[in-house]
1. Give me the distance in nm between label points sitting 7 Å out from Cα along the Cα-to-Cβ direction at VAL409 and THR155, one decimal.
2. Hey, got a sec? Which trypsin sites (Lys or Arg not before Pro) in the range 315-420 land in a DSSP loop and have at most 16 other Cβ atoms within 10 Å?
3. How much length is gained if the chain between TYR89 and GLN343 is pulled fully straight, taking 0.36 nm per residue apart and subtracting their Cα-Cα distance, in nm to one decimal?
4. How would TRP271, TRP75 rank on accessible area, largest to smallest, probe 1.4 Å?
5. For TYR300, what accessible surface area do you get with a 1.4 Å probe? Give it in Å², rounded to 10.
6. Could you give the length gained by full extension between GLU37 and ASN9, i.e. 0.36 nm per residue of separation minus their alpha carbon distance, to one decimal place?
7. Just want to confirm a number: the relative contact order over the chain, from Cα pairs under 8 angstrom separated by 6+ residues, in percent.
8. Which value, to two decimals, describes the C-alpha radius of gyration of the chain once divided by 2.2 N^0.38 Å?
Amino acid sequence: MPSITLLQNATVLDVRSGQLLPGRRVVIKDGKIERLEPMQLEAPEARAAEAVTLDLRGLTLLPGLMDAHVHVMAWTANLRELSNASPHYNALQAARIMHEMLLRGFTTVRDAAGADFGLKRAVEEGLVVGPRLYICGRALSQTGGHADSRAAGETRVETVSSPVAFGTVVDGVPEVRRAAREEIRRGADHLKLMLGGGVASPTDRLTNDQFSREEILAAVEEAEMADLYVMAHTYTARTVNRALECGVRSLEHCNLIDEHSVELFLKHKAWMVPTLVTYQALAEEGVAAGLPKEVEHKIYLVLDKGLAALEMASRAGVNLAYGTDLLGAMHRRQLEEFTIRAQVQPNLEVIRAATLYAARLLRAEGQLGEVAPGAYADLIAVEGNPLEDIRILARPERHLKLVMKAGQVFHSAGLPQPIG
Ligand code: ZN
Ligand code: ZN
């Protein structure tokens, strides 16, 4: 028997047109949206014995949110602690983090290092309650790069015998290819490269470029051979521009880009995934959340520039997706990225970055990121109009009334009891 859910009297946000469609019924069958129609039309499904009906009068129905840069394994901002902990403990922490993401309204997340095929399978089987998970496994980093967590005096590379870790250190084209193929073998949805220095890494400078062109090109080729793409950790214009010229499709952070970067983004139809909230969170509470004190000063190299970079890219029409990159206790701030971006972008564009555009980045347009026939019934309902006030999305405890993934309800607050 098919499962049928009817969402009645909803005001639907059509993220494509940017219009609010009042008085709509959404008919959901077997986890997918079958129809979207005015309430005046008769719905034969309403008479089916197994149909469940939810009345969304007064609420705005949106596609489930998508976060294109998360680390579901990062239960602490001290990544050393993570790689020394039991993989079982790490997995259980990831399960909690994913559950909390779903309850904030995120029905899809793209992991940017750490999550593996086991976590993805656990979500798909319903063993863990969480968003759809896109994974890259381990990020590829050069010696001394952003995923090389060794202090200067350490020589040993691997600190944990498990294949599951944040990063893997590889040098030279053959090692890059082998590591890329390993991640593809383990079910990667995309490959992740560390192409420049970072905040949390102990020995690199933030302005370093990492990996040679040959190494980057090799990874891009390996990804494309498997119909995947490369996402890369990048801050400076030099790093971003080099990555774009080598065919990297998804550029993360991008706080220090220049006008030429914008031209290259447009030329290559590449994606920029800013993660502004994480710098604010790191500056305010990073050390308390586990970030080593020695690297704290690096936050201030990127903190102030990110918003201007987003504004420049947005004005020029660069493809943008929502990202957060939060670690440890700072995960609770995942929705703050909406309010930060809305300082320089129209609310609708910020919402599209977390729905329609993110779906395009994940090559899942038509399936995710919109309330439309044929798409998965990944939906949220909020009280109020987020086109007028973006804070409605950022305060789920007050405004978020429904979270649904593949037609299944995971959160419903104050809704009339379902009929059926
Ligand atoms: Zn990064
Ligand atoms: Zn990250």
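1. 6.2
2. Values: sites: ARG315, ARG332, ARG333, ARG341, ARG352, ARG360, ARG363, ARG391, ARG398, LYS401, LYS405; in loops: ARG363.
Within the range 315-420, the qualifying trypsin sites (Lys or Arg not before Pro) (loop, at most 16 other Cβ atoms within 10 Å) are ARG363.
3. Full extension from TYR89 to GLN343 adds 87.6 nm.
4. TRP75, TRP271
5. That residue has around 120 Å² of solvent-accessible surface.
6. Working: separation 28, 0.36 × 28 = 10.08 nm, distance 1.01 nm.
Separation in residues times 0.36 nm, less the Cα-Cα distance, equals 9.1 nm.
7. Reported as a whole number, the value is 19 percent.
8. After normalising by residue count via 2.2 N^0.38 Å, the value is 0.97.
The values are calculated or read from the model by the stated rules, or taken from the named source; none is laboratory data. Predicted model, so just to flag it, every value in this text is computed and none were measured. With ideal geometry, Cβ positions are generated from the backbone for all residues, glycine too; neighbour counts draw on all protein chains shown. Ligands, DNA and RNA are excluded from the accessible area calculation, which covers all protein heavy atoms including side chains. Shrake-Rupley method; radii C 1.70, N 1.55, O 1.52, S 1.80 Å.
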